[in-house]
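Please read the structure below before turning to the comments.
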Amino acid sequence: MPEGASQDSAMAEISEATTSSDPLNTKSEEENFDPKTMRKTKPGLKRLFLTLTVFISFLIALPFLLKSIEIYRAPLPFEDIDLLSTEMEKNHLVFPCQFQAVFVNFYEITAVNELGLLIDSHMQKLTSENSPPCGTCGNNVTVAVTIDSNSNCIHRESGNGNGKWQCGMLNGFDKVNDHDEDFDEYLESVLDSTSRKVYTVVVINRKQEDVRIVVGKYRHAWIVGNDSVEKAIEKMAEIFIKVFVNGGKEEGSIRGEFMPVGADGKVVLSFSLLNSDPHDWVYDWDFKELDEILLAPVVDALRPVADISVESQVLYHTPKSSYSYWDDTQGSYIFSTKDLPFFVNSNEWHLDTSTAAGGRSKVLHFVLYVPSAKECPLKLQLPNGEISMTNGFISPMWGGIIVWNPPACVENFQMQHLSKHKISSEDLKMISEVFMGQLRQLFGLKSESFYVGGFTTSVLLTSDKGFAEWELDVLSRHHTCFNLLQCGTTLGSLSRLVQSLPRMIIMDEIGKQVKYSLEAAKLSLGNVSLGYSDASAVSSRKARALAEDAFYHPSMMSVSYYSFEHCFAVYSPFFLPVSLHVLLAVIREWKRYKVESRKYLSWKVKVKVE
């Protein structure tokens with residue numbers, strides 16, 4: 001018996017499911033065993049383990065799924081963009097301007113401080129009462145006054161003292177009225193306004209019948225005549241504000257929509273010679289000579305404002321679209337200003353052949369139109385009935401057209417039939433002057449060589465490069481203002497667009513372009529505060545170009561942008577049912593395991609009690 005008892009004990013240790021060999025005990029256990037609340041075997045973990053394995057595999061795969069549908073977005077400085085956009089919208093750019101007034105041979109005045117206050121007062125009257133136009137000086141001006149006479153030399157310094165007038169500079173220079181160009185060069189040699197950026201008006205008191213005003217091609221002007229101090233001050237203030245600051249335009253600012261510069265800061269000057277009917281005559285030109293006369297100095301002068309390239313072409317069979325009629329009084333064919341909108345024949349004039357004007361560059365067309373023999377000579381009649389002196393016109397943001405009547409018009413053109421001619425150097429020079437006037441008008445400046453003000457008429461000296469220094473300053477200031485406004489608007493639009501589309505791809509290149517655009521804009525604003533108009537124009541042009549490049553980046557034009565709701569709608573039909581079934585299976589198996597475990601524990605407790 002002891003041996004049998006030890007064997008039963010060993011068998012009980014091996015398996016808890018082994019039943020007693022005693023029939024009485026077996027019968028008693030079966031009577032007390034309730035299969036609904038008890039079980040004799042320990043519940044297995046296999047089903048729960050398999051279910052949990054599937055569930056955990058789904059959890060592990062979830063980050064990979066999210067990573068696979070993740071949209072890369074380079075960080076953008078949204079706060080800096082908002083600051084720039086808000087600043088450009090609320091605060092107009094105002095440049096600091098330094099003026100210098102010089103009174104020569106005014107022996108009766110000595111109150112130099114009062115003169116400065118009077119000039120300031122008159123300039124404030126000419127300045128806009130509301131907020132100053134963007135790109136002007138507003139009230140951020142300083143005025144230095146000098147009284148230069150034989151007995152007195154009184155200075156009223158203001159600002160940093162740049163360009164201070166040295167008394168006695170005009171002693172021995174008597175031919176002020178005879179040689180404007182020489183006097184202009186002499187003033188520039190002593191004032192050095194090119195580097196000092198000071199606008200000077202010299203009033204020379206001299207006994208003569210009329211008062212003469214000349215605005216030089218640098219940054220100074222002079223008034224010569226027997227004029228009172230009060231009238232001289234009024235004329236000075238008008239030259240300072242209306243000419244040097246506003247560029248001779250009444251509104252004081254060039255409208256932004258008429259800026260003939262592309263969004264990338266580039267301009268293509270396209271020159272075309274159109275032979276209307278080559279059966280009558282064919283004309284060619286020496287464009288290299290035109291480039292040397294007109295274009296090379298202009299391209300260099302406008303470099304801070306725009307990156308300019310030049311191209312040329314000669315076209316044939318290019319009739320105009322408008323009609324003309326014969327006028328016996330004028331002895332020519334006439335087309336009026338009412339016909340100008342229909343003059344350009346877009347079907348026959350294939351002008352847009354430039355490969356240099358890619359992207360967002362601006363193309364300005366300059367057309368020299370040679371009419372056919374059946375409508376030659378062809379002249380433009382102005383609204384007042386007079387014939388145009390230049391026989392040309394401009395179309396804002398498009399370019400300019402000159403109708404050139406060849407000498408063969410008054411000759412027997414049949415003798416010149418099918419012969420090829422070249423435009424003479426004299427005619428080419430006259431044509432270049434008209435083209436220059438049209439280019440100035442396209443940039444918002446006057447083409448006349450005089451300015452009619454409220455007090456008198458001023459003579460404007462012309463520069464060899466087409467633009468005076470003070471005119472280039474006006475263009476630089478206005479283009480700086482326009483470029484920074486466009487930069488702020490473009491970056492603001494980009495910021496709002498990116499934040500409204502959380503799943504938009506933002507490449508690193510876009511982030512760098514936005515960063516460099518903001519840096520260029522801040523540099524331009526710093527140059528504005530220092531009064532460096534050329535440097536501010538260059539930086540603002542770069543800032544706008546980078547902002548436009550970022551906004552119109554190819555990756556920004558993708559059609560694959562979709563919201564998170566769209567992404568959820570795409571993946572949920574597959575993953576949501578599967579995930580829900582896996583989750584329900586895990587819950588069901590866990591509950592089953594807990595129930596079966598309680599049954600097993602209940603049976604073990606009952607066995608121990610018995």
(message) Suppose we filter Leu523, Leu546 for residues that are in a helix (DSSP H, G or I) and closer than 21 Å to Ser361 by Cβ; which single one remains?
(response) Leu546
(message) Can you pull out every residue in region 487-506 that is of a type in the set (Ser, Thr, Tyr), open to solvent by 60 Å² or more (accessible area, probe 1.4 Å) and in contact (Cβ under 8 Å) with a residue 60 or more places away in the chain?
(response) Thr489
(message) So, Ala74, is that one open to solvent by less than 30 Å² (accessible area, probe 1.4 Å) and over 30 Å from Lys164 (Cβ atoms) or not?
(response) yes
(request) Taking the options Glu386, Glu375, Glu411, Glu348, name whichever one is touching a strand residue (DSSP E or B) at 6+ places or on another chain (Cβ under 6 Å) and either open to solvent by 20 Å² or more (accessible area, probe 1.4 Å) or modelled with pLDDT under 90 (or both). (result) Glu375
(request) Specify the residue that is most open to solvent (accessible area, probe 1.4 Å); the eligible residues are those in region 460-486 that are touching a helix residue (DSSP H, G or I) at 6+ places or on another chain (Cβ under 8 Å) and farther than 24 Å from Gln98 by Cβ. (result) Asp464
(message) When you scan region 53-70, do you find a residue that is open to solvent by 40 Å² or more (accessible area, probe 1.4 Å) and closer than 30 Å to Lys522 by Cβ, even just one?
(response) no
(message) Residue pairs, Cβ under 9 Å, 6 or more apart or interchain, first in region 388-405 and under 18 Å from Phe443 (Cα atoms) and touching a residue at least 12 places away in the same chain (Cβ under 8 Å), second surrounded by fewer than 16 Cβ atoms within 10 Å (Cβ to Cβ) and hydrophobic (A, V, I, L, M, F, W, C). List them.
(response) Phe393/Leu340; Ser395/Leu340; Pro396/Phe258; Met397/Phe258; Ile401/Leu340
(message) Can you go through Ser424, Ser395 and tell me which one is open to solvent by 10 Å² or more (accessible area, probe 1.4 Å), more than 39 Å from the chain's Cα centre (by Cα) and at pLDDT below 90?
(response) Ser424
(request) Could you identify the single residue in Lys46, Lys27, Lys40 that is open to solvent by 60 Å² or more (accessible area, probe 1.4 Å), over 30 Å from Leu525 (Cα atoms), modelled with pLDDT under 75 and of a type outside the set (Phe, Trp, Tyr)? (result) Lys27
(request) Check Ala296 against each of (1) in contact (Cβ under 8 Å) with a residue 24 or more places away in the chain; (2) closer than 30 Å to Lys217 by Cβ; (3) open to solvent by less than 60 Å² (accessible area, probe 1.4 Å) and name the one condition it does not meet. (result) (1)
(message) So Tyr369 passes all but one of these: (1) among the aromatic types (Phe, Trp, Tyr); (2) in a helix (DSSP H, G or I); (3) over 24 Å from the mean Cα position of the chain (by Cα). Which condition number does it fail?
(response) (2)
(message) Within region 134-152, does at least one residue satisfy the condition of being modelled with pLDDT under 85 and in a helix (DSSP H, G or I)?
(response) no
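Is it the case that Leu518 is open to solvent by less than 40 Å² (accessible area, probe 1.4 Å), part of a helix (DSSP H, G or I) and closer than 23 Å to Lys266 by Cβ?
yes
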(message) Contact list please: Cβ distance under 7 Å, first residue in region 93-122 and surrounded by fewer than 22 Cβ atoms within 10 Å (Cβ to Cβ), second residue of a type in the set (D, E, K, R) and in a helix (DSSP H, G or I), pairs at least six apart or on different chains.
(response) His122/Glu234
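The values are calculated or read from the model by the stated rules, or taken from the named source; none is laboratory data. None of these values were measured; they are calculated from a predicted model. Every residue, glycine among them, receives a Cβ derived from its backbone with ideal geometry; neighbour counts consider all protein chains shown. Note: accessible area is taken over every heavy atom of the protein model, side chains too, but ligands, DNA and RNA are not part of it. Shrake-Rupley method; radii C 1.70, N 1.55, O 1.52, S 1.80 Å.
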